[in-house]
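Enquirer: Once you've had a glance at the structure underneath, I'll fire off some questions.
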Amino acid sequence: MRKIGFIKCNDTTKEILPKTYKVNQIEKRRKMFCTLINQYLSKHSQFDLNKTDQFNYSLLEIFEQRIVGLFQFHRWRPESPQKVLKIYHKESLLFQQYFKQSKVHKMRYLSRGSLFDSEFQLLVGYEHPAAELIQLIFNGKEISMMLDLDALFTQTVYQRIKREKDKKVTLDAPYIHIDQKGVRTSIYPRWKKVDKSSMNLRKDDIEEGFEQLQNKEVDQCYLVYPKTDNFQKHITVMNQSKEKEIKMIPYSFTFCTRERKRCKK
């Protein structure tokens, strides 16, 4: 199981980022990571991928910038007093714990005068969008985030499948199933390298695909892998009897690095 994310050690942050076809630069790889993470996050917690400057910073800094941005500091200005709209009482200790260890000035300011609770335990049912991000990178005591790349990849493929009126798309991890016009398609995303010259490395995946077809669980099966320089076109694999086939599909992440077009004035 391959993990990606970051580990904080003293004053340094070690990043482990995905790399694929035309996504090689560190800034693009961070954007790709945030694109994957967005598939898990609620709408109000997601990263704005159009803010390209943020990807010049480490993943931890990107998260902290987003967390701070979810707090309305302008409401505290005495020259423009605002009434409090909602108090998140349940989240208060979570925020205090996280802010206390942060080096971000605004977070340290919010936590001053309060004590760090070494026995603090994370709860469930938080509502504030910042809590969703904090729980990804903070376990109550330490800062780190290592996530299963296969699960992120599967979730991304699932979310980006085009929905149609007569198409039913279900996530039955580790598979994605599409039912349309009486045909069931199994999609099996895996973050592994594919090279036509060394297909034996993907032998287990291929056998599992044929097993699904043999048991008549599905009508067709696609094995989906990240696109690479050596894997840019789909590969059709036949079984020994030449009666059934599965396809190995390259999945491109160039949409992660695509710049937003601006209208000319």
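The values are calculated or read from the model by the stated rules, or taken from the named source; none is laboratory data. Small disclaimer: the values here were computed from a predicted structure and weren't measured. With ideal geometry, Cβ positions are generated from the backbone for all residues, glycine too; neighbour counts draw on all protein chains shown.
This table checks each residue for (1) closer than 22 Å to K3 by Cβ; (2) in contact with a strand residue (DSSP E or B) (Cβ under 8 Å, 6 or more places away or on another chain).
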| site | (1), (2) |
| --- | --- |
| I176 | yes, yes |
| G182 | no, no |
| R202 | yes, yes |
| E211 | no, no |
| Y222 | no, yes |
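Enquirer: Still on this model: Please work out which residue is surrounded by the fewest Cβ atoms within 10 Å (Cβ to Cβ), limiting yourself to segment 1-28 and to residues that are among the hydrophobic types (A, V, I, L, M, F, W, C) and farther than 17 Å from F138 by Cβ.
Expert: Top of the filtered list is M1.
Enquirer: Right, next: Output the residue which, of all residues in segment 190-206 that are without any contact (Cβ under 8 Å) to a residue 40 or more places away in the chain and basic (K, R), is farthest from D148 (Cα to Cα).
Expert: Our first condition is that a residue be without any contact (Cβ under 8 Å) to a residue 40 or more places away in the chain; within segment 190-206, this holds for 192-193, 195-201, 203-205.
Imposing the further condition that a residue be basic (K, R) reduces the set to 192-193, 196, 203.
On the way: K192: 13, K193: 16, K196: 26, K203: 22 Å.
If we take residues in segment 190-206 being without any contact (Cβ under 8 Å) to a residue 40 or more places away in the chain and basic (K, R), then K196 is farthest from D148 (Cα to Cα).
Enquirer: Something else now. Quick test of your reading of the structure: F120 fulfils all but one of (1) assigned by TED's automatic domain parsing to the domain that holds G69; (2) part of a helix (DSSP H, G or I). Name the failing condition by number.
Expert: (2)
Enquirer: So, one more: Restricting attention to segment 90-105, report how many residues are charged (D, E, K, R) and out of contact with any helix residue (DSSP H, G or I) (no Cβ under 6 Å at 6 or more places or on another chain).
Expert: Counting residues in segment 90-105 that are charged (D, E, K, R) and out of contact with any helix residue (DSSP H, G or I) (no Cβ under 6 Å at 6 or more places or on another chain) gives 2.
Enquirer: Let me ask you something else. Can you tell me which condition K141 does not meet? The list is (1) farther than 21 Å from M1 by Cβ; (2) in the same structural domain as I16 (by TED's automatic domain parsing); (3) assigned to a strand (DSSP E or B), and all the others hold.
Expert: The number of the failed condition is (3).
Enquirer: To continue, here is another question. Being exposed (fewer than 15 other Cβ atoms within 10 Å of the Cβ) and assigned by TED's automatic domain parsing to the domain that holds Q101 is true for just one of K31, K51. Which residue is that?
Expert: Every option except K51 fails the conditions.
Enquirer: Restricting to strands (runs of 3 or more DSSP E) lying wholly in segment 154-265: which have 3 or more residues that are within 21 Å of T20 (Cα to Cα)? Please lay out each step first, then the result.
Expert: On the way: elements: 167-172, 175-180, 183-189, 220-226, 235-238, 245-251.
Here the list reads 183-189, 220-226, 245-251.
Enquirer: Would it be correct to say that K192 is of a type in the set (K, R) and more than 18 Å from T170 (Cα to Cα)?
Expert: Against the criterion (of a type in the set (K, R) and more than 18 Å from T170 (Cα to Cα)), K192 qualifies.
Enquirer: A follow-up question, please. Of the numbered conditions (1) at pLDDT below 90; (2) over 26 Å from M1 (Cα atoms), D195 fails exactly one; give the number of that condition.
Expert: With (1) at pLDDT below 90; (2) over 26 Å from M1 (Cα atoms) applied to D195, the lone miss is (2).
Enquirer: Okay, next question. Go through segment 1-39 and report how many residues are outside any helix (DSSP H, G or I), within 16 Å of E61 (Cβ to Cβ) and not β-branched (V, I, T).
Expert: 9
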